[in-house]
1. So how far, in whole Å, is the C-alpha centre of the range 340-402 from the one of the range 175-189?
2. If I fit a long axis through the Cα atoms of helix 54-74 and take the longest principal axis of the Cα atoms of the chain, what angle between them do I get, 0 to 90°, rounded to 10?
3. Return P(r) of the chain (all Cα-Cα pairs; 10 Å bins starting at 0; whole %; ordered from short to long distances).
4. As a footprinting exposure proxy, order 253, 130 by other Cβ within 10 Å, with the fewest listed first.
5. Can you give me the P(r) profile for the range 50-294? Cα pairs, bins 10 angstrom wide beginning at 0, each as a whole percent.
6. If each Cα of the range 91-225 is one equal point scatterer, what is log10 of I(q)/I(0) from the Debye formula at q = 0.11, 0.17, 0.18, 0.22 Å⁻¹?
7. In degrees from 0 to 90, rounded to the nearest 10, what is the angle of the helix 246-270 Cα long axis to the longest principal axis of the chain?
8. Taking 22 Å as R0, compute the FRET efficiency from the Cβ-Cβ separation of residue 379 and residue 52 and round it to 0.05.
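Bear in mind these aren't lab numbers, they're just calculated from the coordinates by the rules spelled out. Because the structure is a prediction, the values reported are computed rather than measured. Backbone-built Cβ (ideal geometry, glycine too); neighbour counts: all protein chains shown.
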């Protein structure tokens with residue numbers, strides 16, 4: 001009788017029924033299966049999401065790959081001035097499949113940034129930063145900052161020429177900060193020059209920060225599920241006619257996107273791994289020989305172009321920092337009540353100008369800061385800030401958006417009379 005009562009209590013307290021008694025027993029004590037069932041089967045997802053919504057999950061998958069390969073690489077890496085470069089060579093030549101693990105790790109960094117950048121520009125285009133998703137957007141920018149710190153620390157670990165001089169140049173940028181700059185540089189380096197202490201610090205931080213990223217990603221997902229996903233129309237969902245369960249509809253869509261993404265990932269990892277790496281990093285670090293041009297990887301080039309475009313060191317560092325920090329306040333710089341660029345014809349034009357401007361900064365950042373490329377860098381940096389500080393507020397106030405549909409399903413599921421109701425937010429009418 002006691003066992004029967006206990007079983008009844010378990011059944012009553014479980015919000016989801018599972019046929020497997022083992023799963024039911026575990027879920028009663030640790031409701032992880034109920035949680036997964038809710039997030040996959042019951043989580044209402046807008047029915048009109050396109051493939052641009054795949055890149056959030058793709059970034060998460062690449063993060064897992066990066067952590068897994070990074071743990072294996074850490075088992076063989078030696079963070080010393082004399083041993084770092086040789087340990088990387090040992091991984092490539094002597095460790096079983098070490099070459100594959102390292103190339104998955106180095107290629108994964110580029111793929112991670114590619115997925116995140118597309119994810120960010122998708123958010124900008126469809127207004128995913130607008131209320132009530134401001135904190136969701138802010139945590140996304142925090143993830144971007146953590147990624148930049150992580151790849152910088154990781155970039156120094158192979159201890160090639162570009163690693164050594166990149167560490168030297170980037171850490172010395174902090175010396176531009178008044179009063180405390182030199183103390184920050186000394187703390188980062190662990191002394192007065194790049195050496196063993198620097199490598200140990202950067203190695204520890206490079207290992208730690210990915211787990212911090214995972215923690216912020218989890219908060220990012222909690223904030224996402226608080227109000228649900230935005231959608232290409234940028235309007236709130238209204239009932240079951242506007243939504244679908246995440247599984248199987250979007251899990252299948254994500255798997256297709258993942259398959260295509262892994263083809264590109266595999267191509268670079270197996271056939272063109274060096275295309276995403278600086279060839280100077282294959283030369284052991286030599287403090288007595290400075291490379292002709294010190295450049296970061298492609299995903300940091302826009303910020304490097306902004307840094308080089310300003311002749312004053314302090315102002316250049318400030319502009320580079322501001323180019324990232326300005327993203328935190330984007331939700332308050334755009335006053336338009338309409339989220340999606342589908343219904344904002346003027347905003348759409350300026351959005352694509354911003355995309356072209358960022359691509360210009362990528363190319364300019366990899367060129368010497370002289371001649372035409374220096375002029376283009378300054379032009380690109382000026383427009384970047386102009387877009388967020390001037391264009392975005394003015395367009396948001398002056399633009400007349402197109403009328404919005406009452407629901408995301410309405411343009412497809414037409415009423416019986418053949419008319420589609422739309423609402424004009426400028427007049428409040430329908």
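1. Computed from Cα coordinates, the inter-centre distance equals 33 Å.
2. 40 degrees
3. Spelled out per bin, shortest first, that is 4, 17, 26, 24, 16, 9, 3, 1, 0.
4. 253, 130
5. 7, 27, 31, 21, 11, 3, 0
6. -0.54, -1.04, -1.09, -1.26
7. In the chain, helix 246-270 runs at an angle near 20 degrees to the longest axis.
8. 0.20
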